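Step one of this worksheet: look at the structure below.
Rule-based calculations on the coordinates, nothing more; no lab input. Keep in mind that this is a model prediction, so the values were computed, not measured. Note: ideal-geometry Cβ built from the backbone for every residue, glycine included; neighbour counts use all protein chains shown.
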Amino acid sequence: MFSTVAVNGEVRRWEDLRLSDFSQGFFFGAGFFTTFRIEAGAPWFLARHLARLRSSLAAFPNAVRPPPAEWLDEAAVRETLRRCLHADAALGPGFRGVGKLSASDGRVLLTFRAHAPETERLHSEGRALDDWEPGAYRGGEPTLNHKGLAYFRQYACMERLCLLGNESGEVCELPTANVFFQLDGALITPPLSAPCLPGIVREVLLEVGRVGTRPIMERAVPFARLADVSACLFTNSAMLATGVPRLLGRPLPESLALASEVRALVGSAAARER
């Protein structure tokens, strides 16, 4: 992570922050965050990320003290981002990487990190998904529709990158990504009630509505149907779309080409919204 950060629009240094200013979020995980891709200094889908963050804060008004509304305004966040990039030569106005907005304790904290070093390799080679936990979630659990600072459940599974499912034997998501399956002539992702996070790339793809001739839709995906899947990918705002060349031990050679096609769709959508 880079040393330059911002708190409620004020450019600061990470090492100068006080833990007491973020105690609600640090000690209780009472807050929310969102991570967004930055290319050539421009944030992707920032308005969508901020809308989701504001929605999460509004859903738990008595549990999380939100920052002043003006610091979650898109124009204000863009200006703060611009000032951070210009203030730090290690970032610079052409920065490529990931921004993170964390909201708790009446503050919004903006931090930065570089793209993961394995990004290009994962885009070209994909990532196998060979682990699963079919009863990890409860169907309809509302907190899992929000990206909370209490992230240990997902963090503990991050290295394994297992398919997380509910008590009904249906797929929900990955620890840090939404998942899509090519099944029955469509590209299908589990519904929010599964539950899963309303990921920004997921939202964009559902709005686009199709990839090639295949419609993109929400639908429950039982683990028992994974044997019928012909391709698979997972999405998040940092990596966009990663193909799954092997799913629970079964090769899926179409996945890498499908993920490449999806990344192009997301890139085009980002260009329209900038």
(request) Find out how many positive minus negative residues lie around ARG250, taking Lys and Arg as positive, Asp and Glu as negative, among other residues whose Cβ is under 11 Å from that of ARG250. (result) -1
(request) Net charge near THR235: determine it from the other residues with C-beta under 12 Å of the C-beta of THR235, scoring Lys and Arg +1 and Asp and Glu -1. (result) +1
(message) What does the charge count around VAL98 come to, taking other residues whose C-beta lies under 11 Å from its C-beta (Lys +1, Arg +1, Asp -1, Glu -1)?
(response) +3
(request) Would you please name the chymotrypsin sites (Phe, Trp or Tyr not before Pro) within the stretch 1-47 that are DSSP coil residues with at most 11 other C-beta atoms within 10 Å of their C-beta? (result) none
(request) Round to the nearest 10 and give me the degree value, 0 to 90, for the angle of helix 255-273's Cα axis relative to the longest principal axis of the chain. (result) 40
(message) Suppose the Debye formula is applied to equal point scatterers at every Cα of the stretch 4-114; what is log10 I(q)/I(0) at q = 0.15, 0.18 Å⁻¹?
(response) -0.59, -0.85
(message) Stokes-Einstein diffusion coefficient for the stretch 1-44 at 10 °C in a medium of 1.306 mPa s, Rh from the Kirkwood formula over Cα pairs: what value in µm²/s?
(response) 127
(request) Quick one: which residues, 5+ away or cross-chain, put their amide H under 5 Å from the amide H of ALA136? H built at 1.01 Å from N. (result) GLY165
(message) Roughly how far apart, in whole Å, are the Cα centres of the stretch 120-143 and the stretch 218-273?
(response) 11
(message) Compute the angle between helix 74-87 and the longest alpha-carbon principal axis of the chain, please, reported from 0 to 90 degrees and rounded to the nearest 10.
(response) 70
(message) Using the basic label-point model (7 angstrom from Cα toward the beta carbon), what is the GLU125 to HIS86 distance in nanometres?
(response) 4.1
(message) Would the chain count as rounded, prolate or oblate if I go by the C-alpha gyration tensor, calling it rounded below 1.5 in a/c and otherwise prolate when a/b exceeds b/c, oblate otherwise?
(response) prolate
(request) Normalising by the residue count of the chain, find the relative contact order in percent from Cα pairs under 8 Å and 6+ residues apart. (result) 18
(request) Set the Förster distance to 45 Å, then compute FRET efficiency between GLU15 and ARG210 from the Cβ-Cβ distance, nearest 0.05. (result) 0.40
(request) Tell me what the chain gives for mean residue ellipticity at 222 nm when only DSSP H runs of n ≥ 4 count, each as -39,500 (n - 2.57), the sum divided by the residue total, rounded to 500 deg cm²/dmol. (result) -8000 deg cm²/dmol
(message) Going by amide H atoms built from the backbone, whose H comes under 5 Å of the H on VAL211, apart from near neighbours?
(response) ILE216
